Amino acid sequence: MDLELRQIEYNNWILIVLITCICAIAIARWLSSYRISDLLSSFYKYRFIKITRNSEKGASILIITSIAVYTIQSSLLIYLWLERSNSDYKGITSYLIILTLISAFLLAKHFIGKLIAEICNFQEQLELVDHQRNIYRAMLGYVLLILNSIVIYSSQLEFIALKAATIIMVIFLLAYNIILVYTYRKMLFPTIFYFILYLCTLETTPYLLLYKYFKL
């Protein structure tokens with residue numbers, strides 16, 4: 001009997017990443033008192049956002065896991081772009097570097113935002129906005145998981161799928177930021193100076209710096 005050696009393709013680790021995210025969601029759903037459908041209902045109503053905001057138990061494990069999936073999948077989407085544009089960005093090492101940068105970026109935004117809110121005395125407003133923002137990020141984790149799966153396994157249409165996935169995500173990100181501003185407009189506009197300060201320092205400049213880094 002002839003033995004056939006199979007070469008493991010470099011992108012098999014991407015499948016492991018996708019399966020890990022799916023398993024993490026399944027375990028979180030099993031441990032959480034909330035259902036995935038409750039979380040995804042926030043796309044069109046505010047009931048889940050209000051329930052989790054007023055809950056004494058704090059953030060659900062389902063929300064935390066979904067935010068982690070959002071971070072992992074957004075890093076994967078950036079990796080797919082860099083892999084296509086530059087052959088130096090290839091393999092799991094490059095992906096882990098991107099994942100580390102994105103994780104550090106989001107954590108830095110969170111803690112610097114709290115620091116600015118503490119200094120400028122608008123902690124309550126920031127907590128409300130951040131809670132709803134985290135719910136939206138948790139929901140977008142599922143969207144990214146589906147889009148990345150389509151991009152990775154779309155074979156000949158990979159580049160078209162990649163552009164379409166990126167456009168969809170940009171639209172979602174713009175939409176949820178507009179929704180946040182509109183929802184809390186009455187609360188934010190009385191402190192418009194601090195809100196503009198927060199918007200400029202944490203919602204615009206960091207993304208420009210991150211873009212500049214990847215373009216180097």
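Can you name every residue in segment 93-102 that is in contact with a helix residue (DSSP H, G or I) (Cβ under 8 Å, 6 or more places away or on another chain) and over 15 Å from ILE152 (Cα atoms)? Of everything in segment 93-102, those that are in contact with a helix residue (DSSP H, G or I) (Cβ under 8 Å, 6 or more places away or on another chain) and over 15 Å from ILE152 (Cα atoms) turn out to be SER94, ILE98, LEU99, LEU101, ILE102. Residue count for segment 148-166 satisfying the condition of being over 13 Å from the mean Cα position of the chain (by Cα), open to solvent by less than 30 Å² (accessible area, probe 1.4 Å) and in contact (Cβ under 8 Å) with a residue 40 or more places away in the chain: 3. With respect to the conditions (1) out of contact with any Pro (no Cβ under 7 Å at 6 or more places or on another chain); (2) assigned to a helix (DSSP H, G or I); (3) more than 18 Å from PHE43 (Cα to Cα), TYR89 lacks only one, and its number is (2). For segment 43-52, the criterion of being at pLDDT 85 or above and either within 15 Å of TYR142 (Cβ to Cβ) or part of a helix (DSSP H, G or I) (or both) is satisfied by no residue at all. Of all residues in segment 21-35, those satisfying the criterion of being out of contact with any Ser or Thr (no Cβ under 7 Å at 6 or more places or on another chain), without any contact (Cβ under 8 Å) to a residue 40 or more places away in the chain and in a helix (DSSP H, G or I) are CYS23, ALA26, ILE27, ARG29, TRP30, LEU31. For segment 86-95, the tally of residues that are modelled with pLDDT of 75 or more and open to solvent by less than 90 Å² (accessible area, probe 1.4 Å) stands at 4. Just one of the listed residues (PHE159, PHE172) is closer than 21 Å to ASN12 by Cα and aromatic (Phe, Trp, Tyr), namely PHE159.
Among the residues of segment 102-127, the ones that are open to solvent by less than 50 Å² (accessible area, probe 1.4 Å), assigned to a helix (DSSP H, G or I) and of a type outside the set (Gly, Ala, Ser) come to 8 in all. Counting the residues of segment 74-85 that are among the small types (Gly, Ala, Ser) and open to solvent by 80 Å² or more (accessible area, probe 1.4 Å) gives 1.
Condition test on TYR70, is it part of a loop (DSSP other than H, G, I, E, B) and open to solvent by less than 90 Å² (accessible area, probe 1.4 Å)? So TYR70 does not fit the description; no.
The values are calculated or read from the model by the stated rules, or taken from the named source; none is laboratory data. These numbers come from a predicted model, not from an experiment. Every residue, glycine among them, receives a Cβ derived from its backbone with ideal geometry; neighbour counts consider all protein chains shown. Heads up: the accessible areas ignore ligands, DNA and RNA and are worked out on the full protein's heavy atoms, side chains in. Shrake-Rupley method; radii C 1.70, N 1.55, O 1.52, S 1.80 Å.
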